[in-house]
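Working notes, beginning with the structure itself.
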Amino acid sequence: MRTETFQFRTGDQAQVRDITETCAEFLRDGDDGLLNVFVPHATAGVAILETGAGSDTDLLIALRELLPADDRWQHRHGSPGHGRDHVLPALIAPYATVPVVSGRLQLGTWQSICLVDTNVDNAVRTVRLSFLTG
């Protein structure tokens, strides 16, 4: 197994950040296997979805409606509604696994690997990429 961590600045607003190119570059060796993408944070997730055509924005809107940033949450510290950020990984897992053939991600035509972060209190996120070969 080969593994490496990468840092991404997500800033002060919720975002869906496409990290597909970073994943593709990590796989430059040309082997077959599985890429595991893992976010070691209690308030972020990894999603595979279409980006650039509005689906990323739609996801953030759906999360805002499903997990409003208000005072209903038992977990209370940080910015208002921060408790919702701790519920996010139960809905959008902090990991994804993608098949790799000859060093190329086997994603569908419109699929991208994305970091999903609604936590405005943590502006820098770590993503661990692990490549498993047979």
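The values are calculated or read from the model by the stated rules, or taken from the named source; none is laboratory data. Computed from a predicted structure; not experimentally measured. Cβ placement follows ideal geometry from the backbone for every residue including glycine, while neighbour counts extend to all protein chains displayed. These area figures cover heavy atoms from the full protein model, side chains too; ligands, DNA and RNA do not enter into them. Shrake-Rupley method; radii C 1.70, N 1.55, O 1.52, S 1.80 Å.
Show me the three semi-axes of the equivalent ellipsoid for segment 28-105, from the C-alpha gyration tensor (sqrt of 5 times each eigenvalue), largest first, rounded to whole Å.
On the way: eigenvalues 197, 47, 12 Å².
That gives 31, 15, 8 Å for the three semi-axes.
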Residue-ordered couplings for segment 15-22, obtained by feeding phi - 60° into the Karplus form 6.51 cos²θ - 1.76 cosθ + 1.60 and rounding to whole Hz (Gly and Pro as x), are 7, 10, 10, 6, 10, 4, 5, 4
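Which value, in Å², gives the accessible area per residue of the chain when a 1.4 Å probe is used on the protein heavy atoms? Walk me through the numbers before you get to the answer.
Working: 7290 Å² over 134 residues.
On a per-residue basis, 54 Å².
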So for segment 5-48, what percent of the C-alpha to C-alpha distances run longer than 15 Å? 51 percent
With a cut-off of 8 Å between alpha carbons and a minimum separation of six or more residues, what is the relative contact order of the chain in percent? 53 percent
Between helix 55-66 and the chain, what is the angle of the helix's C-alpha long axis to the longest principal axis, kept within 0 to 90° and rounded to the nearest 10? 40 degrees
Computed on Cα atoms only, the convex hull of segment 2-134 has an orientation-averaged projected area in nm² of 7.9 nm²
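If I compute solvent accessible area with a 1.4 Å probe over the protein chains, what percent of it on segment 1-91 is carbon and sulfur? The partial results should precede the final answer.
Values: 2580 of 5270 Å².
Taking all protein chains in place, segment 1-91 shows 49 percent carbon and sulfur surface.
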Each label point is 7 Å from the Cα along the Cα-to-Cβ direction; what then is the distance between the points at residue 70 and residue 31, in nm? 5.1 nm
